[in-house]
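Values quoted throughout were computed directly from the atomic coordinates according to the rules given, and no laboratory measurement underlies them. Keep in mind the model is a prediction, meaning the values are calculated, not measured. We place every Cβ from the backbone using ideal geometry, glycine too, and count neighbours over all the protein chains shown.
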Ligand code: GLY
């Protein structure tokens with residue numbers, strides 16, 4: 001097992017290893033004052049792991065209740081959030097008790113936001129069960145729900161008490177869901193870890209998942225510790241996400257986040273090469289990795305549509321948008337550009 005300690009407004013450990021779902025009870029008993037836990041999960045994950053997580057908590061003396069909602073991003077909304085808060089109130093969950101998020105990013109984001117706001121804040125523990133949630137969403141304290149006008153528009157920075165990343169849950173993921181997480185793993189390499197890129201090129205993720213996940217989380221830890229509230233260095237994590245968000249929005253969120261991020265990374269890299277900001281050899285290497293991990297590299301949406309949708313993203317500040325631009329293999333730089341230049345970047349990123 002590997003442990004990464006995150007020192008943010010709350011200090012907590014991220015544990016990465018095998019059979020960690022079964023150790024939750026003892027971990028939680030050591031961290032929490034109360035002995036009630038509410039497990040929050042979705043209809044895909046609950047049938048697989050809820051009983052095990054419940055048994056682990058009960059074995060450590062917790063009284064356990066569970067809230068299971070239908071799987072899917074469309075349920076990360078205000079209604080599910082309010083239903084969850086009412087459920088917690090009915091069950092007399094107190095400030096000494098805790099929520100347990102068992103699932104992928106949707107479950108973690110919703111549970112974290114409920115934990116941030118129920119009784120003005122109660123503890124929560126993240127049990128990510130997708131690669132994407134393990135390497136990104138479960139660490140760093142970004143919690144949110146979607147509004148009708150866009151994704152993650154209501155949320156809070158609120159750190160978990162602990163994150164237990166049980167690698168066994170990643171072994172059974174459908175290929176497309178696993179690939180989504182690989183896009184984020186490649187992103188970590190591109191923003192600051194050429195050694196990780198080499199590992200991804202020369203071996204397979206499955207050769208050493210613990211080392212790869214730990215490497216990603218350590219890099220996220222470094223950025224979160226420097227900039228917990230996302231006003232500077234942490235924005236490097238948005239490589240591929242700015243235009244990726246526009247691609248997701250153009251598809252009415254039918255294209256998954258990881259696939260949109262993969263296309264977004266290729267697009268910004270191609271534009272950076274065309275503008276002389278990145279050596280040409282970076283693009284084919286990145287394309288090779290994206291293909292190797294089963295991700296798409298291109299989009300059919302026209303530049304103008306991508307531009308409009310990208311502008312509605314919350315990464316924009318006034319007339320400036322911060323693009324994360326690859327400047328070498330395994331190195332990227334936060335680059336504020338005037339909004340007026342974004343269309344040119346997108347056109348250069350699309351042209352073959
Ligand atoms: N998902 C990017 C961040 O946590 O900042």
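What to note about this one:
- Theoretical FRET efficiency, 1/(1+(r/R0)^6), r = Cβ-Cβ of residue 120 and residue 206, R0 35 Å, to 0.05: 0.20
- To the nearest ten degrees, helix 339-350 and the longest principal axis of the Cα atoms of the chain are 80 degrees apart.
- Among 131, 173, 200, the largest mean-square fluctuation in a Gaussian network model of the chain, built with springs joining Cα atoms closer than 10 Å, belongs to 173.
- Neighbour-count order for 270, 221, 91, fewest beta carbons within 10 angstrom listed first: 91, 221, 270
- Degrees, to the nearest 10: 209-226 long Cα axis against longest axis of the chain: 80 degrees
- Rh by Kirkwood over Cα pairs, then Stokes-Einstein D for region 75-141 at 1.306 mPa s and 10 °C, µm²/s: 133 µm²/s
- Beta bridges from DSSP with both residues in the chain: antiparallel share about 45 percent, rounded to the nearest 5.
- Relative contact order (percent, whole number), region 223-292, Cα cutoff 8 Å, 6+ residue spacing: 23 percent
- Mean projected area (nm²) of the alpha-carbon convex hull when region 135-233 is viewed from all directions: 7.5 nm²
- FRET efficiency, 1/(1 + (r/R0)^6) with R0 30 Å, evaluated for residue 227 and residue 74 via beta carbons: 0.45
- With 0.36 nm allotted per residue and the present C-alpha distance subtracted, the residue 171-residue 292 stretch has 41.8 nm of extension available.
- Degrees, to the nearest 10: 46-59 long Cα axis against longest axis of the chain: 50 degrees
- Working from label points 7 Å from Cα in the Cα-to-Cβ sense, the residue 339 to residue 300 distance is 3.0 nm.
- The ranking of 92, 241 by Cβ neighbour count inside 10 Å, starting from the fewest, reads 92, 241.
- FRET efficiency, 1/(1 + (r/R0)^6) with R0 30 Å, evaluated for residue 29 and residue 2 via beta carbons: 0.85
- Mean Cβ count within 10 Å, highest first, over the residues of peptides 183-196, 297-310: 183-196, 297-310
- When only Cα pairs below 8 angstrom with a gap of at least 6 residues are kept, region 210-352 shows a relative contact order of 27 percent.
- Each label was represented as a point 7 Å from its Cα along the Cα-to-Cβ direction; for residue 253 and residue 281 these points are 4.2 nm apart.
- q = 0.18 Å⁻¹, region 65-200: log10 I(q)/I(0) [Debye, one scatterer per Cα]: -1.01
- Highest-first packing order for the peptide set 137-145, 17-25 is 137-145, 17-25, based on the mean count of other beta carbon atoms within 10 Å.
- In terms of other Cβ atoms within 10 Å, 351, 251 run from fewest to most in the order 351, 251.
- Pairwise Cα inverse-distance average, inverted: Kirkwood Rh of region 189-307 (Å): 15.4 Å
- Residue 94 paired with residue 9, simple spin-label distance in nm, labels 7 Å along Cα-to-beta-carbon: 2.5 nm
- The eigenvalues of the Cα gyration tensor, multiplied by 5 and square-rooted, give the chain an equivalent ellipsoid with semi-axes of 35, 22, 17 Å from largest to smallest.
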